[in-house]
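To keep things clear, I will list the structure first and then write my remarks on it.
The values are calculated or read from the model by the stated rules, or taken from the named source; none is laboratory data. Treat the numbers as computed from the prediction; the structure is a model and nothing was measured. Quick reminder, even Gly has a Cβ in these numbers, built from the backbone with ideal geometry, and neighbours come from all protein chains shown. These area figures cover heavy atoms from the full protein model, side chains too; ligands, DNA and RNA do not enter into them. Shrake-Rupley method; radii C 1.70, N 1.55, O 1.52, S 1.80 Å.
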Amino acid sequence: MSKPFVYITRKISNDVVKGLEEHFTVEMWQEEEEVVPRDVLLNKANQAHAILSMLTDSIDEELLAQSTNLKIVANMAVGYDNIDVNAARRHQVIVTNTPDVLTDTTADLTFALLMATARRLPEAVDYIKGDLWKSWSPYMLAGSDIHHKTLGIVGLGSIGQAVAKRATGFDMNVIYYNRSRKEDVESQLGVQYTSFEELLKQSDFVVCMTPLTPETEGLFNKETFHKMKDTAIFINSSRGGVVNEDDLYHALKQGHIKAAGLDVFRNEPIGADHPLLSLNEVVALPHIGSSSIETRSEMMKLAARNIKKVLNGDDAVTPI
Ligand code: DGY
């Protein structure tokens, strides 16, 4: 009997590939930077028993319907808004993600982005490298304090909680809004539950950690930005679709909020001509939340473990 076929949609570590090759026939899209073209993906998926996918691959009804051998899609991300989970269920395809292994790394990046935005670090780097530093002056590149300020976290999942933990080290007052209240976490981390409205009103930093779902799409929009303090700093390291980017642009331009730190965008990758990049008040990163060498390796390994389990007839380690 021929071995099950695993298709990997982006170049990943040789060690992980070798581990899969001990059991399966493995093929991999050989590009590191380039998304697998749709026709190639459809063709490979049509033969595959497992796909190790990235958040840049659209795993939709069309793909799932024609992939009759497919047993599992192992997404190398905690987010899975690139996958039609209901369609996968209908076609009896198991979907897995990579939670936990990336929690601390993503929280580190989120907090780094918050700090970089508040203290204007990219502007300061450009200033010195651009030979603009001619003298010291009292308000030169003056930013906003972080310590003792109010941090509002929207979405208190594990990454949100890890961000809260970091904030307590900065003596921040942490409030949160989540679909369901988490009283155990409140006592453990000393965070306080508020309504979404209150959070917008009270927070000096509003950090978006909520996944992209039909309910959260466009959650941050003209109306919500107008409810924030005009000194508020908005941070997003979850998914770009949670934000109406035009509304964010206008809120910044018109001074309804002070600044934004963004690791994610609605249509990635964005070009240098994206309007938000024209604003000094925006610190932008190219979706690197979980991007440390250690964590990306762990994410690959976990995706591969899910594939091995499912193709061997066992339960997935981290099913959705
Ligand atoms: C995820 O895993 O969903 C992250 O956005 C990847 O960095």
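Some points to look at:
- Residue in segment 247-269 that is part of a loop (DSSP other than H, G, I, E, B), within 16 Å of the ligand (Cβ to nearest atom), out of contact with any helix residue (DSSP H, G or I) (no Cβ under 7 Å at 6 or more places or on another chain) and not assigned by TED's automatic domain parsing to the domain that holds residue 35 present: yes
- Every listed requirement among (1) of a type in the set (A, V, I, L, M, F, W, C); (2) over 22 Å from residue 108 (Cα atoms); (3) assigned to a loop (DSSP other than H, G, I, E, B) is met by residue 225 save one, (3).
- Each residue in segment 1-27 was checked for being open to solvent by 90 Å² or more (accessible area, probe 1.4 Å) and touching a helix residue (DSSP H, G or I) at 6+ places or on another chain (Cβ under 6 Å), and 0 pass.
- Residue 57 surrounded by 23 or more Cβ atoms within 10 Å (Cβ to Cβ), more than 12 Å from the ligand (Cβ to nearest atom) and not hydrophobic (A, V, I, L, M, F, W, C): yes
- Among the residues listed as 267, 306, 236, 221, the single one being under 22 Å from the mean Cα position of the chain (by Cα) and closer than 24 Å to residue 146 by Cβ: 236
- Residue in segment 264-290 that is nearest to residue 250 (Cα to Cα), counting only those that are of a type in the set (Asp, Glu) and open to solvent by less than 80 Å² (accessible area, probe 1.4 Å): 281
- Of the numbered criteria (1) assigned to a loop (DSSP other than H, G, I, E, B); (2) in contact with a Gly (Cβ under 8 Å, 6 or more places away or on another chain); (3) surrounded by fewer than 23 Cβ atoms within 10 Å (Cβ to Cβ), the one residue 241 fails is (1).
- Residue ID - nearest to the ligand (Cβ to nearest atom), chosen from residues in segment 292-307 that are out of contact with any strand residue (DSSP E or B) (no Cβ under 9 Å at 6 or more places or on another chain) and open to solvent by less than 60 Å² (accessible area, probe 1.4 Å): 299
- Screening the candidates 63, 70 for the property of being in a helix (DSSP H, G or I) and more than 16 Å from the ligand (Cβ to nearest atom) yields one hit, 63.
- Residue satisfying all of: in segment 181-191; outside any helix (DSSP H, G or I) and under 24 Å from the mean Cα position of the chain (by Cα); surrounded by the most Cβ atoms within 10 Å (Cβ to Cβ) among these: 191
- The residues of segment 91-104 include none that are of a type in the set (Ser, Thr, Tyr), in a helix (DSSP H, G or I) and over 11 Å from the mean Cα position of the chain (by Cα).
- Candidate set from segment 117-160 (those that are buried (at least 20 other Cβ atoms within 10 Å of the Cβ) and part of a helix (DSSP H, G or I)); member that is farthest from the chain's Cα centre (by Cα): 118
- The requirement of being in contact (Cβ under 8 Å) with a residue 24 or more places away in the chain and not in a loop (DSSP other than H, G, I, E, B) is satisfied by residue 113.
- Odd one out for residue 300, checked against (1) outside the structural domain of residue 122 (by TED's automatic domain parsing); (2) farther than 24 Å from residue 98 by Cα: (2)
- Considering residues of segment 81-105 that are among the polar types (S, T, N, Q) and open to solvent by 10 Å² or more (accessible area, probe 1.4 Å) only, the residue farthest from the ligand (Cβ to nearest atom): 92
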